[in-house]
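J.: Okay, handing you the structure first.
The values are calculated or read from the model by the stated rules, or taken from the named source; none is laboratory data. All values derive from a computational prediction rather than experimental measurement. Don't worry about glycine lacking a Cβ; one is built from the backbone with ideal geometry, like all the others, and counts go over all protein chains shown. For accessibility, only protein heavy atoms count, side chains too; no ligands or nucleic acids. Shrake-Rupley method; radii C 1.70, N 1.55, O 1.52, S 1.80 Å.
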Amino acid sequence: MASLKDMRNRIASVKATRKITKAMQMVAAAKLRRAQEAAQAARPYAERMDRVLANLASRATKEGASPLLVGTGKDQVHLLVVMTAERGLCGGFNSNISRLARGDIQRLTRAGKTVKILCVGRKGADNLRRDFAKLIIDRVDLKGFKQLGFVNAEGIGTKIMSLFEAGEFDVCTIYFSQFQSVIAQKPTALQLIPARIPEAKGDTGKAQSAVEYEPSEEAVLGELLTRNITTQVFRGLLENSASEQGARMSAMDNATRNAGDMINKLTIKYNRQRQANITKELIEIISGAEAL
């Protein structure tokens, strides 16, 4: 049985840990508000981009269409861009994204496809390196950036485009966590190349009569498809940032509660042990006095 001194030291250690987790919870709550606002502000732009691309794709001719829209004609080499956080202590945020990517890697490998992995963030690379180290071709480090901006997405988008133009892959998919609430983040896989264009709405006839594109629908569509890659990557980074802070806030809140429960249990155990020692000493004193 542990001595009273050991139990006091353990209680003090748990209290110190509770202070740390409480501070991390408050920091995550402050960062979450800014990250959530940024993610929500980016959604309308990405959704509007999808509508414009759907309108253009419905009007453009298939001849001479951009490879970003129709693909290379093959489905053999897949590039998976797995975007996770640089830090841990955020619950299952990183592992959920890695688990989704891991399932797709295994499915594609069983189908005889060639898989290449581009990791954005240290945790995703660490999770996938244990089983798929040979498939990782590069890793983008975002550790030095306190706040992610469009310039970060441009760097990743440029790397993806350079690989595609070099013929390194046929299909590209990005993995991130879509922010829904503090306690709910949805791991998401979004195909970038060839672009998954949503179906145009029923009122496209009115839009076609009101909008004319210069120099042509095909040229504008090709330019927007290139920009759409960076836009979707930027959206994924913002969604990841909000999801990470929400997951960290929830995880640190649970850790703080668990630390409080552990302190209560250890305090009760300490008091019982202390009372037992006092009772034992009193019995020894009384027995010694009676013996005299």
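J.: How far, in degrees from 0 to 90, does helix 4-59 lean away from the longest principal axis of the Cα atoms of the chain, to the nearest 10?
T.: Tilt relative to the chain: about 10 degrees.
J.: Name the lysines eligible as straight-distance cross-link partners of LYS265: C-alpha to C-alpha under 20 Å, and not fewer than 8 places from it in the same chain.
T.: Answer for LYS265, where 20 Å is the Cα cut-off: LYS5, LYS15, LYS19, LYS22, listed by chain and number.
J.: Could you state the number of Å between the C-alpha centres of the stretch 133-173 and the stretch 65-96?
T.: When both Cα centres are located, 9 Å separates them.
J.: Follow-up question, since we're still on this one. Choose one of ILE156, ALA251, GLN36: the residue whose Cα lies farthest towards the positive end of the charge dipole of the chain (beta-carbon charges +1 Lys, Arg; -1 Asp, Glu; about the Cα centre).
T.: Comparing the listed Cα positions along the dipole, ALA251 ranks first.
J.: Restricting the count to DSSP beta bridges whose residues both fall in the chain, what percent are antiparallel, rounded to a multiple of 5? Kindly include the intermediate steps, with their values, before the conclusion.
T.: Working: 9 of 25 bridges.
In the chain, approximately 35 percent of DSSP beta bridges are antiparallel ones.
J.: Can you work out the accessible area per residue across the chain, with the rest of the protein chains kept in place, probe 1.4 Å, in square angstrom?
T.: Numbers: 16620 Å² over 292 residues.
Value for the chain: 57 Å² per residue.
J.: Same structure, new question: Between 0 and 90 degrees, rounded to the nearest ten: what's the tilt of helix 217-291 against the longest Cα principal axis of the chain?
T.: 10
J.: What's the carbon and sulfur percent of the chain's accessible surface, probe 1.4 angstrom, rounded to a whole number?
T.: Details: 8680 of 16620 Å².
C and S atoms contribute 52 percent here.
J.: For LEU192, enumerate residues with amide H under 5 Å from its amide H, sequence gap 5+ or separate chain, H modeled in the peptide plane.
T.: CYS172, THR173, ILE174
J.: Also, quick follow-up: Enumerate the amide H contacts of SER177 below 5 Å, restricted to partners 5 or more residues apart or on another chain; note that Pro and chain-start residues carry no placed amide H.
T.: Hits under the 5 Å cutoff: THR188, ASN240.
J.: Filter the cross-link list LYS31/LYS146; LYS146/LYS186; LYS116/LYS143 down to pairs whose alpha-carbon distance in this structure exceeds 20 Å.
T.: Working: LYS31/LYS146 11 Å; LYS146/LYS186 24 Å; LYS116/LYS143 23 Å.
Listed pairs above 20 Å: LYS146/LYS186; LYS116/LYS143.
J.: Quick one: Karplus J couplings for the stretch 92-98, per residue in order, coefficients 6.51, -1.76, 1.60, θ = phi - 60°, nearest Hz, x for Gly and Pro?
T.: Listing the rounded values in order: x, 4, 5, 5, 5, 5, 5 Hz.
J.: Please state, rounded to one decimal and in Å, the Kirkwood hydrodynamic radius that the stretch 34-129 gives when every pair of distinct Cα atoms enters the mean of 1/r.
T.: Numbers: mean 1/r = 0.0610 Å⁻¹.
This gives a value of 16.4 Å.
J.: Show me, bin by bin at 10 Å from 0, the whole-percent P(r) of the chain based on Cα pairs.
T.: The distribution over the chain is 6, 22, 24, 18, 11, 7, 5, 4, 2, 1, 0, 0, given as percents.
J.: How large is the helix-only mean residue ellipticity at 222 nm for the chain, computed as the sum of -39500 (n - 2.57) over DSSP H runs with n ≥ 4, divided by its residue count, in deg cm²/dmol to the nearest 500?
T.: Working: 7 runs with 187 residues, N = 292.
For the chain, the value works out to -23000 deg cm²/dmol.
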